[in-house]
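The values are calculated or read from the model by the stated rules, or taken from the named source; none is laboratory data. Everything numeric in this text was worked out from a predicted model, so none of it was measured. Glycine gets a Cβ as well: all are built from the backbone with ideal geometry, and neighbour counts include every protein chain shown. When the accessible area is computed, the model is the full protein with side chains, heavy atoms only, and any ligands, DNA or RNA have been set aside. Shrake-Rupley method; radii C 1.70, N 1.55, O 1.52, S 1.80 Å.
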Amino acid sequence: MADTRVLTIALSKGRILEQTLPLLATAGLTLAEDAEKTRKLMVDGDYLGTPVRFLIIRAADVCTYVEQGAADMGIAGRDSLLEYRPRVYEPLDLEIGRCRMCVCGPKALVDAGVPERGSRIRVATKYDSLTSQYFLTQGVQAEIIHLYGSMELAPLVGMAERIVDLVETGSTLKANGLVEETTLFDISSRLIVNPASFATRRKQVGEIINGLREAVKTKGNG
Ligand code: PRP
């Protein structure tokens with residue numbers, strides 16, 4: 001039976017939103033309000049004459065909304081997808097929000113070399129799982145100090161010897177006397193789709209995927 005609910009798309013708040021909106025517009029998806037200004041969490045929208053709606057939520061929560069089927073589709077960073085491993089399809093790299101996930105630390109510590117096998121260090125991050133896995137492969141005993149943001153502060157106040165965080169321009173690291181040690185992953189934003197929505201709303205979801213694929217190509221050529 002065809003699903004008649006309004007198609008729901010989850011978008012990440014924050015700096016990615018600025019790059020997301022033009023891509024959506026090129027693909028024919030528009031929001032009825034300025035998503036960067038409104039305090040509303042659910043915003044009406046339009047896809048080529050058909051009503052859709054958008055959820056404006058925290059990046060890490062996009063995976064949950066789409067996995068649970070509360071949103072049919074979403075735009076999530078590869079960092080969240082790697083960390084939380086939601087059961088969703090990932091049909092398209094949107095090639096926005098490009099950055100890298102790195103191990104970083106104070107210059108003096110990084111210059112002294114990577115932590116030795118068997119050593120113990122404290123690592124501040126919001127990527128607990130990826131960080132644990134990485135240091136396990138290095139034979140280093142990492143105590144994970146979970147933070148929700150501004151990880152760069154932790155080494156400055158003596159709370160951690162390393163951080164695992166996203167680096168884009170490197171200016172936040174530089175401003176806080178930190179340097180990159182190791183790149184773990186290249187990151188960009190991905191389109192994700194709930195598997196049941198993919199099956200039951202194949203036509204509309206397929207059209208939007210194709211529209212966004214073309215928008216990514218157009219942007220790449222522009
Ligand atoms: C991100 C990231 C770094 C910073 C890197 O934080 O966590 O702190 O951007 O960018 P840069 O290399 O261009 O300086 P964001 O500002 O998104 O906020 P958060 O700390 O709350 O995650």
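Please give me, ordered by residue number, the GluC sites (Glu not before Pro) of region 46-95 that lie in loop per DSSP and have at most 16 other Cβ atoms within 10 Å. Walk me through the intermediate numbers first.
Details: sites: Glu67, Glu83, Glu95; in loops: Glu95.
Sites meeting the loop and neighbour criteria: Glu95.
Cα gyration tensor of the chain, axes a ≥ b ≥ c as square roots of the eigenvalues: rounded (a/c below 1.5), prolate (a/b > b/c) or oblate?
Note, shape of the chain comes out prolate.
Using just the helices of the chain, give the 222 nm mean residue ellipticity in deg cm²/dmol: DSSP H runs with n ≥ 4 each add -39,500 (n - 2.57), and the total is spread over all residues, rounded to 500. Spell out each step's value before the answer.
On the way: 9 runs with 79 residues, N = 222.
It lands at -10000 deg cm²/dmol.
Tell me which chymotrypsin sites (Phe, Trp or Tyr not before Pro) from region 135-197 have a DSSP coil assignment and no more than 16 other beta carbons within 10 Å of their own.
Filter output for region 135-197: Tyr148.
For the pairs Lys107/Lys174; Lys13/Lys203; Lys13/Lys174, note any where the Cα-Cα span goes beyond 20 Å. Could the numbers behind the result be given before it?
On the way: Lys107/Lys174 10 Å; Lys13/Lys203 28 Å; Lys13/Lys174 25 Å.
Among Lys107/Lys174; Lys13/Lys203; Lys13/Lys174, the Cα-Cα distance tops 20 Å for Lys13/Lys203; Lys13/Lys174.
Arranged from highest to lowest average of other beta-carbon atoms within 10 Å per residue, in what order do the peptides 107-116, 18-27 appear?
Put in order of decreasing packing, that is 18-27, 107-116.
So which chymotrypsin sites (Phe, Trp or Tyr not before Pro) in region 32-108 pass both tests, a DSSP loop state and at most 12 other Cβ atoms within 10 Å of the Cβ?
Hits after loop and neighbour filter: nothing returned.
Solvent-accessible area of Asp93, probe 1.4 Å, all protein chains present, reported in Å² to the nearest ten, please.
Around 50 Å² of this residue is reachable by solvent.
When the chain is fully extended, how far beyond the present Cα-Cα distance does Thr30 get from Glu143, taking 0.36 nm per residue of separation?
Result for the pair: 36.2 nm of gain on full extension.
At Val179 and Ser132, where each label point lies 7 Å from the Cα along Cα→Cβ, what is the point-to-point distance in nanometres?
Distance between the two pseudo-spin positions: 3.1 nm.
Through the Karplus equation 6.51 cos²θ - 1.76 cosθ + 1.60, θ set to phi - 60°, convert the phi angles of region 155-171 into ³J(HN,Hα) values in whole Hz; use x for Gly and Pro.
Karplus values, whole Hz, x for Gly and Pro: x, 5, 9, x, 8, 8, 8, 9, 10, 10, 8, 7, 10, 10, 8, x, 6.
Using a/c under 1.5 as the rounded threshold, could you call region 118-222 rounded, prolate or oblate? The axes a ≥ b ≥ c are square roots of the C-alpha gyration tensor eigenvalues, and prolate needs a/b larger than b/c, oblate otherwise. All intermediate terms of the calculation are to be shown ahead of the outcome.
On the way: a/c = 3.14, a/b = 1.98, b/c = 1.58.
Note, shape of region 118-222 comes out prolate.
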